[in-house]
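Notes for the one structure printed next.
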Amino acid sequence: MIEAHSLTKRYGEKAAVTDLSFTVRPGIVTGFLGPNGAGKSTTMRMIVGLDTPSSGNVVINGKRYEDHQAPLHEVGAMLEARSIHTGRTAYNHLLALAVTTGIPRSRVDEVIDIVGLREVSRKRAGGFSLGMGQRLGIASALLGDPATVVLDEPVNGLDPEGILWIRNLLKSLAAEGRTVLVSSHLMNEMAVTAEHLIVIGRGRLIADTSVEEFTRSAAGNSVFVRTDEAEKLRTLLAGPDVSVASAERGALEVSGLTSERIGRIAADNAIALSELTPQMASLEEAFMELTRDAVEYQSPVGSAV
């Protein structure tokens, strides 16, 4: 479990993170989201002791990272996949980490197979593609068989097969009862990988909730209704906080009422419905809606590159 308490990090006059508190629980994949400049990387660096908080603290399984006697066995992190000795082979890179931290050589072979680098394990890492570098970084994070895994943008550079692989890997790690925190800019991928979200903007907490609740909270959620008595139902649904649009002939798109309420009104007035479907915002739409005031760098409307 990762517990952050009132984390604040300042660089001179600039606050990168301000009074940030959250808990990352074991057994589920938690997505860590935010616009560029939101403070995600700074927060992750504070989690693994690379940056010292200006105030507040963060503990992993009850201790600060630096207080764990064998931190690689407790926490596996990938914050920068390419921070490796380019002259070493993938195998020797992992072996050096293992030997210096008391991890058996057999574990090196295990993680090489887990991340699918067996065929290139004896090649120098400096010649790796971005995707292969990502896999090596993930192997390094898993080397100590840690209870907690922290990954920053792990799907960068991966092809579709690689993205599916990391999705299944993260879910399997969580299913084993591990704590999994992963950041990504790929909203569609987070929607099918994470169960819980921590969203920050300008260094402050915006949301700490399930993926379902996060998308439900976004503006624009509506209900699609199909009936032969669309105009009659439109009149019955009308209200000061309700918007009803004609999606197509015999169909309505209703905002401001739940599907349960619409179904009850229709039933009370003997109106048969052939379809009643909630239209939830996508994770990307919800993210854009709820973080629009926290974007540090915004493109002018209508700008082109």
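Bear in mind these aren't lab numbers, they're just calculated from the coordinates by the rules spelled out. The structure presented is a predicted model; accordingly, all values stated were derived computationally and were not measured. Positions of Cβ are generated from backbone atoms using ideal geometry, with glycine treated the same way; all protein chains shown enter the neighbour counts.
Using a simple spin-label model with pseudo-atoms 7 Å out from Cα toward Cβ, Tyr11 and Met280 lie 3.6 nm apart. Here the Gaussian network model covers the chain, with springs between Cα atoms less than 10 Å apart; of Pro26, Pro104, Pro35, Pro104 fluctuates the most. Working from Cα positions, state the angle (0 to 90°, nearest 10) between the long axis of helix 259-268 and the longest principal axis of the chain. The helix 259-268 is inclined about 20 degrees to the chain. Close amide H contacts of Ile206 (hydrogens built in the peptide plane, cut-off under 5 Å, sequence separation of 5 or more or a different chain): Val199, Ile200, Gly201. Most tightly packed first, judged by the mean number of other beta-carbon atoms within 10 Å of their residues, the peptides 2-13, 152-163 read 152-163, 2-13.
With the simple model of a label 7 Å out from the Cα in the direction of the Cβ, Ala272 to Leu164 spans 4.2 nm. Distance between the 7 Å Cα→Cβ label points at Val242 and Arg261: 0.8 nm.
Which of rounded, prolate, oblate describes the stretch 222-279, given a ≥ b ≥ c as roots of the alpha-carbon gyration tensor eigenvalues and a/c under 1.5 marking rounded, otherwise prolate only if a/b is larger than b/c? It is rounded, given that a/c, with a ≥ b ≥ c, falls under 1.5. Please give every one of the aspartates and glutamates within straight-line cross-link reach of Lys9, meaning a C-alpha to C-alpha distance under 12 Å, and leave out same-chain neighbours fewer than 8 residues apart. Excluding near neighbours in sequence, the set is Asp19, Asp51.
Quick one: angle between helix 90-101 and the longest Cα principal axis of the chain, in degrees between 0 and 90, rounded to 10, please. Roughly 70 degrees, rounded to the nearest 10. Working ranking of peptides 243-249, 193-199, 276-282 by packing, defined as the average number of other Cβ atoms within 10 Å per residue, highest first, is 193-199, 276-282, 243-249. Be a star and scan the stretch 138-161 for residues whose amide nitrogen sits under 17 Å from the point 7 Å along the Cα-to-Cβ vector of Arg88. Counting only backbone N, you get 138-145. Per-residue Karplus couplings for the stretch 106-122, computed as 6.51 cos²θ - 1.76 cosθ + 1.60 with θ equal to phi - 60°, are listed in order as 4, 5, 4, 5, 4, 6, 4, 6, 4, 8, x, 10, 4, 5, 10, 5, 9 Hz, Gly and Pro entered as x. Compared with the dominant principal axis of the Cα atoms in the chain, helix 130-142 is inclined by about 70°.
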